[in-house]
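The values are calculated or read from the model by the stated rules, or taken from the named source; none is laboratory data. Everything numeric here is computed off the predicted structure, so don't read it as measured data. Cβ sites come from the backbone with ideal geometry, for glycine too, and all protein chains shown count toward neighbours. We work out accessible area using only protein heavy atoms, side chains counted, and drop any ligands, DNA or RNA first. Shrake-Rupley method; radii C 1.70, N 1.55, O 1.52, S 1.80 Å.
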Amino acid sequence: MFATSGANANDIVNLNVDVNISGATVMTEYGGGEALGGWAISVMMGDAAVAGAPTALGDDGSVSFTTTVESVPASFTFTAADDQDDDLDGGEMYEASGGGYTHTGLSVAGTMDADPIVVTYTTQTLKIYVHHERDQVRGYTGNVLGGDVRASLVDLEVRQASGSGGRFTSPISNDDWDARANTSGGRGVHTFSHLPADMDIVVRASAADGYMLLDKPELDAYRNMDENGVMGGAFGAMGGWGHTVELCPLTETEPTGQDHGPACGSFAVVSTHNVSGLVWKRGVSKSGAGFRMTDPARVSGIEVTLDPVEGKNLAGVGREFTTAKSNDPTTPLDERVAFDFGTMAAGAYKLGLPGGWRARMGDKGSEVSLGSALSPLASDVALDITPSTATLYGFVRNTLGVGLEGVTVSVNGMTATTDDLGRYIVSGISAMRGQLFVNTERAGFPAAKADSTDNANTAVPEFAANTTTRHDISLSGANNTVAITGTVTEAGTNAPIKGVEIQVDGKAPLNAGSGQGSGKLVTGSDGTYTAIVEIQPNNDPLVDVTPTKSGYHFIPASRQASAIAGGSQSIDFTGYAATEIVGLVTGPGGGQPLAEVTVTAYSDAGMTTKLDDATTTGTGTFSVHVPTLSGTVYLGAAPRELEQSDYSDPNYQNVVDAQNYVWFDAPATRPGGAIAVIPGQTLQFGTFTGNSVQPRITSVSRGKVKGASVATPPLVNGEDSTTIVVKWEFDTRNLSTTSGGNSYSVADGATFTPGGFTGTPTPAQDPATVGGDTDRADVTDGTSVTHKRTTTFTIADADAGNYGELDITVGIDVVGAEADATAAAATSAEKTLAAVAHGATGVTVTRKGHATAATDSIAASWSGPGSPVLAHRVALLVKVGTNDMRWVVIPTASATITRNLTPGSSSFGKWSLARMDLVVDPAAWVDDVTGGTYPDLDSDDLRAATHLRVDTRATGSGAWNNGAPAAIPPSG
């Protein structure tokens, strides 16, 4: 019952209490103030419980409380019970505050509000959701129509952040949180209970084998709330207001609107699969007098691309491969035919191939269709990439079985012309109604019927991709060949000469391949030959018949024969034994024998009429033959004539075309390359000496400190300084002209262009330019001169990397004919310059140890070379907390390192660490590998250190060279 209350005006005290009790969680900048609906409470007046008071808050977190007191003032306290149902507090620990009201006895209309009960969680639960992303729609969409599924396909680790801006994370110590006892869940839903609410919590995920994370591998539960999807609460400074925190950066996007369980997604993984393959073709090429099959044949420049399809592939990254011209022996695959894109994320991909190529699935030669294997990629795939076209090859012959040259063979629109043996190869043939349609055309023979697959009564096979099929064709027509016969004998003895090659109009006759040699017509052991040639027009019936054989020359060198229908002619030749001239060719700069140089003998000083040529062997030797009665002949040497495949670099070809790159000087005893031919002897020509405008580095070295020591940086006599010295040379044979004359230069105004290091040489060059020096003074054009140079390079402060190992090149400008037409650049071969020496040896440690850390100190000394940007760091081997032994680096502010530069001192040149006390600032001592700090590190840990290590580096950055550990004496 309520006591009767009177009006204040009558001074009647109000003893009736009418108050509203409420409770909520603590408020933070991120959230809070959640009503404590249903929470058990206690109501106390002084030390006694109030009978009849409410025992729990209502669903809205509040409850009314009325009572009558005997006197005023009366004070009440309202507190949350120490234990709540787990449905209310999540089973977590909390602290409650507030919850008070003092009744003064004043009569006030209405119900009064008490100070609210404020609950702050001291521990919280963290829930993490993992799903297998299968429908390629970002976010967990539920297992709908083969969509996403919850799955434990990651390893999760809960860590705590530390350092400025949380840049370091470390495991939570067992004293702060028992991970094993408080981790539960599975199938993609993971619960971590009783985590300290005020700790900066970070969750790290790593995908299981065969999977990859779709998004970032770490989520923060204490900051960047939207980015990390922090829901229901938070940790760290924002924590304490929700008993369960969920990380949901991958929100639900399930398209059907159905409820398939929690929509939260923390981490998503996609499966990964390996994609590899071969790129090849079946090939055929002309070889000897026939053909050679190649399986597999390599085709360079074929590009294969695999790109993710937008909207159907969340994690895929495109890959590309181009078949190489040559194989890199340092890699496991032959890049000419094989590729391995490695593991690729599941999803849809588009395969890109050049026109005329196709892909099959499986090993080499597979005909299994690719189908939907890449849309989506759901398993490992091996691709077999081959042409979608076919190749047809063979001979076209007349009715006598002689190959016909100049026949045009057409197959499904692709054409080829037969060579002098009647061979053809038609490649790149596409299917036409599943067949091959072959046509032939040549003057003097009836044309094949259009679209005929039965040419000359020979069935043509059906079309099949990536095949090489032989198809020989016989053409009938008028009598279209004539035979030329003859005998070749030796002058003086009249003996037959075997193995003489016979050519007609500069090429092999139709019956080439007879006798010795593939694709050639040569005389037999009796010296005779028969050459089958095509009939010539009546108004121009003559052909040139030419014999050749090494060691012989023939007079006359060729004879004419008449090739008319129904005729035959005999042409004999007499061979004269030739004189052999032998010699050697050496390369530029050093006299090493040089292979693949063409040496040519000429009959005239102008070197216009060739007698013979030869290519030098691997030992640089050559042998040419000239007619015995030649008198004086002239020899010249030049680089082997290049094939097209040799000069893919246009710059190199510019130089070669102008004959500016490499040239050879005849011996001084053979002016102009002249040598008198003496019958009956093998003549020694001597040595062609090679020259080249290409620079040659003769030495690279680092400058040294000379004389007195240097204080800054501390260096002693003989140690590496700040300079690099490059000695190099190149050759010239002419000076340039800009007046339109015929002179030209191979290196006019050559300037030093270094490769391998940065900065500017000082001086720029010694001497400055070719045209301005005295090397060619009073030297006539055409005379070779070697220019020797020494260039000194000073390393700038910003280029400390130049103290490491360098591969140095020298480049100069090259000027061609008329000083402008073929200007190019020539670069030397690389020369390696070793890195500056550094390191620490003979480390000794001394100690002054006492009972307290403040007076426990160590010092150290060691030997080691100095260099311009040498850096030291000193580390101690300590045991940090319960972790393994770790190397921690002494802070720079505590490590004073000096070098003794006093001449005559017993420790001259040695380094020392000044005595330092073993006291600790945990934020300043860092791990030598990770750079992370150890907040629990203390002075006792330092005093228990067992070893000291001195590390060095000499390039200003990069990896440290760890020294050998030295024992630390125990504390006294």
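Does Ile532 fit the bill of being open to solvent by 20 Å² or more (accessible area, probe 1.4 Å), at pLDDT below 90 and under 60 Å from the mean Cα position of the chain (by Cα)? Write out each step before concluding.
Working: open to solvent by 20 Å² or more (accessible area, probe 1.4 Å): yes; at pLDDT below 90: yes; under 60 Å from the mean Cα position of the chain (by Cα): yes.
The answer is yes for Ile532.
Looking for whichever is buried (at least 17 other Cβ atoms within 10 Å of the Cβ), modelled with pLDDT of 90 or more, within 30 Å of Thr608 (Cα to Cα) and not assigned by the TED database to the domain that holds Ala871 here; the options are Ala637, Ala658. Which one fits? Before the answer, list the steps.
Working: Ala658 fails: modelled with pLDDT of 90 or more.
Testing whether each residue is buried (at least 17 other Cβ atoms within 10 Å of the Cβ), modelled with pLDDT of 90 or more, within 30 Å of Thr608 (Cα to Cα) and not assigned by the TED database to the domain that holds Ala871 leaves just Ala637.
Determine which member of the set Thr102, Thr141 is of a type in the set (S, T, N, Q) and surrounded by 20 or more Cβ atoms within 10 Å (Cβ to Cβ).
Values: Thr102 fails: surrounded by 20 or more Cβ atoms within 10 Å (Cβ to Cβ).
Answer to the check: Thr141.
Taking Val878, is it part of a strand (DSSP E or B), out of contact with any helix residue (DSSP H, G or I) (no Cβ under 8 Å at 6 or more places or on another chain) and crowded, with 16+ Cβ neighbours inside 10 Å?
On the way: part of a strand (DSSP E or B): yes; out of contact with any helix residue (DSSP H, G or I) (no Cβ under 8 Å at 6 or more places or on another chain): no; crowded, with 16+ Cβ neighbours inside 10 Å: yes.
Answer is no for this residue.
Taking segment 105-122, which residues are open to solvent by less than 40 Å² (accessible area, probe 1.4 Å), at pLDDT 85 or above and under 18 Å from Val72 (Cα atoms)? Outline the logic, then answer.
From segment 105-122, those open to solvent by less than 40 Å² (accessible area, probe 1.4 Å) are 105, 114, 117, 119, 121; that's our starting set.
Right, trim to at pLDDT 85 or above and you get 114, 117, 119, 121.
Of everything in segment 105-122, just one residue is open to solvent by less than 40 Å² (accessible area, probe 1.4 Å), at pLDDT 85 or above and under 18 Å from Val72 (Cα atoms), namely Ala114.
Considering only strands (runs of 3 or more DSSP E) fully contained in segment 200-316, which possess at least 2 residues that are touching a Lys or Arg at 6+ places or on another chain (Cβ under 9 Å)? Break it down into steps so the answer makes sense when it comes.
Details: elements: 201-207, 211-213, 218-220, 244-247, 267-279, 281-287, 290-297, 303-308.
So the answer is 201-207, 218-220, 244-247, 267-279, 281-287, 290-297, 303-308.
Would it be correct to say that Gly210 is touching a residue at least 40 places away in the same chain (Cβ under 8 Å), surrounded by 20 or more Cβ atoms within 10 Å (Cβ to Cβ), farther than 25 Å from Tyr94 by Cα and outside the structural domain of Glu95 (by the TED database)? Quick ask: steps written out before the conclusion?
Working: touching a residue at least 40 places away in the same chain (Cβ under 8 Å): yes; surrounded by 20 or more Cβ atoms within 10 Å (Cβ to Cβ): no; farther than 25 Å from Tyr94 by Cα: yes; outside the structural domain of Glu95 (by the TED database): yes.
In short, no.
Taking Thr322 as meeting all but one of (1) within 19 Å of Arg282 (Cα to Cα); (2) surrounded by 15 or more Cβ atoms within 10 Å (Cβ to Cβ); (3) of a type in the set (Val, Ile, Thr), write down the number of the exception.
Thr322 satisfies all of (1) within 19 Å of Arg282 (Cα to Cα); (2) surrounded by 15 or more Cβ atoms within 10 Å (Cβ to Cβ); (3) of a type in the set (Val, Ile, Thr) except (2).
Among the residues of segment 887-901, what is the count of those that are open to solvent by 70 Å² or more (accessible area, probe 1.4 Å) and modelled with pLDDT of 90 or more?
Our first condition is that a residue be open to solvent by 70 Å² or more (accessible area, probe 1.4 Å); within segment 887-901, this holds for 892-893, 896, 898.
This time we only want the ones that are modelled with pLDDT of 90 or more, so: 896, 898.
Residues that pass the stated criteria total 2.
Among the residues that make up segment 189-196, is at least one of them in a loop (DSSP other than H, G, I, E, B) and either modelled with pLDDT of 90 or more or buried (at least 20 other Cβ atoms within 10 Å of the Cβ) (or both)? Lay out the reasoning, then the answer.
We begin by selecting, within segment 189-196, every residue in a loop (DSSP other than H, G, I, E, B); these are none.
The answer is no; no qualifying residue exists.
Please verify whether segment 63-76 includes one or more residues that are surrounded by fewer than 18 Cβ atoms within 10 Å (Cβ to Cβ), within 30 Å of Gly236 (Cα to Cα) and modelled with pLDDT of 90 or more. Show your work before the answer.
Going through segment 63-76, the residues surrounded by fewer than 18 Cβ atoms within 10 Å (Cβ to Cβ) turn out to be 64, 66, 68, 70-73, 75.
The next check asks that each one be within 30 Å of Gly236 (Cα to Cα); those that pass are none.
Looking through segment 63-76, none of the residues is surrounded by fewer than 18 Cβ atoms within 10 Å (Cβ to Cβ), within 30 Å of Gly236 (Cα to Cα) and modelled with pLDDT of 90 or more.
Report, by residue number, each residue of segment 908-952 that is open to solvent by 40 Å² or more (accessible area, probe 1.4 Å), out of contact with any helix residue (DSSP H, G or I) (no Cβ under 9 Å at 6 or more places or on another chain), assigned to a loop (DSSP other than H, G, I, E, B) and farther than 18 Å from Ser164 by Cα.
Phe908, Lys910, Val929, Ala944, Thr946
With a cut-off of at least 3 residues that are buried (at least 17 other Cβ atoms within 10 Å of the Cβ), of a type in the set (Gly, Ala, Ser) and at negative phi, name the strands (runs of 3 or more DSSP E) lying wholly within segment 538-587.
Result: 573-586.
Count, please, the residues in segment 831-849 that happen to be in a strand (DSSP E or B) and either open to solvent by less than 60 Å² (accessible area, probe 1.4 Å) or not hydroxyl-bearing (Ser, Thr, Tyr) (or both). It would help to see each step written out before you state the result.
Residues of segment 831-849 that are in a strand (DSSP E or B), as a first pass: 831-833, 841-848.
From the residues that got through so far, the ones that are either open to solvent by less than 60 Å² (accessible area, probe 1.4 Å) or not hydroxyl-bearing (Ser, Thr, Tyr) (or both) too are 831, 833, 842-843, 845, 847-848.
The total comes to 7.
Go through segment 672-703 residue by residue and tally those that are part of a strand (DSSP E or B) and under 15 Å from Val726 (Cβ atoms).
Our first condition is that a residue be part of a strand (DSSP E or B); within segment 672-703, this holds for 674-676, 683-692, 696-703.
This time we only want the ones that are under 15 Å from Val726 (Cβ atoms), so: 696-703.
Result for segment 672-703: 8.
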